[in-house]
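Enquirer: For reference, the structure I am asking about is given below.
The values are calculated or read from the model by the stated rules, or taken from the named source; none is laboratory data. Bear in mind the structure is a predicted one, so any value in this text is a computation, not a measurement. FYI the Cβ positions are ideal-geometry reconstructions off the backbone, even for glycines, and counts take in every protein chain you see. Please note that ligands, DNA and RNA were not included when accessible areas were found on the heavy atoms of the full protein model with its side chains. Shrake-Rupley method; radii C 1.70, N 1.55, O 1.52, S 1.80 Å.
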Amino acid sequence: MLPHPRHLRRLARALLTLVTAVTGHAAAASYCTAIYATAVPAVTGGASRHMFLNTVDGTVSSYGNIDDTKVTGGTTPREYNASSINPINGELYYVERTSGTLLRYNPVTRVTTRVTQNANLASNATTGGIGFIVGGAIEDTGNMYVYSSYGFVSVFNTATGAQVRPRPGSPTPPRSCRPAPAPTATSYSAQETSCTSWWRAG
């Protein structure tokens, strides 16, 4: 059964945001005046920080340290990535990609909360893996789309932490859905068909 057009539109909006974040190029005139990011410490043993960039005047400021105690497993130094503001509650969500932990940060109270931990949020550049976690976007329903360097997209409910897509237990996406950085001989139409089939099945 074909996906409902509304779901396709939501996916398209989220993917457009991801493409913009990954490539650094906007597909249309941007209205964003601020960018939130995460930064690793410049000195070994230092704290990772939430960063705020004012794109109007070009100033950068720290928005508080990241609470590493909310993360278990993985390796150090921590690797925070895929930052995105949730339009429902205004909180910042991001991934610690060595452990696969999704966190949320309240900029008012400066409190960090662990949302979930999942293998599809952990970088895995081995053969058959999903690649590195490189971007994230949250749509108006609260679903967060997390994008990997191999083209793998996972969707999580930010309220519950539940994995929405692919469904738990779904097969690994076909290689054509996780392209290598260099161009391949796979045609776009064949890749699109393969990825669409996997997305529906997942």
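Enquirer: Out of curiosity, is residue 162 at pLDDT 85 or above, over 16 Å from residue 79 (Cβ atoms) and open to solvent by less than 10 Å² (accessible area, probe 1.4 Å)?
Expert: Values: at pLDDT 85 or above: yes; over 16 Å from residue 79 (Cβ atoms): yes; open to solvent by less than 10 Å² (accessible area, probe 1.4 Å): no.
No; evaluated as a whole, the condition is false for this residue.
Enquirer: Taking the conditions exactly as written (assigned to a strand (DSSP E or B), in contact (Cβ under 8 Å) with a residue 12 or more places away in the chain and not β-branched (Val, Ile, Thr)), does residue 135 satisfy them or not? Spell out how you get there, then give the answer.
Expert: Values: assigned to a strand (DSSP E or B): yes; in contact (Cβ under 8 Å) with a residue 12 or more places away in the chain: yes; not β-branched (Val, Ile, Thr): yes.
Against the criterion (assigned to a strand (DSSP E or B), in contact (Cβ under 8 Å) with a residue 12 or more places away in the chain and not β-branched (Val, Ile, Thr)), residue 135 qualifies.
Enquirer: May I ask you to list the residues in the stretch 138-157 that are under 18 Å from residue 96 (Cβ atoms), touching a Phe, Trp or Tyr at 6+ places or on another chain (Cβ under 8 Å) and assigned to a strand (DSSP E or B)?
Expert: 138, 144, 146, 148, 154, listed by residue number.
Enquirer: Could you check, for the stretch 90-109, whether at least one of its residues is open to solvent by 40 Å² or more (accessible area, probe 1.4 Å), over 17 Å from the mean Cα position of the chain (by Cα) and in contact (Cβ under 8 Å) with a residue 12 or more places away in the chain?
Expert: no
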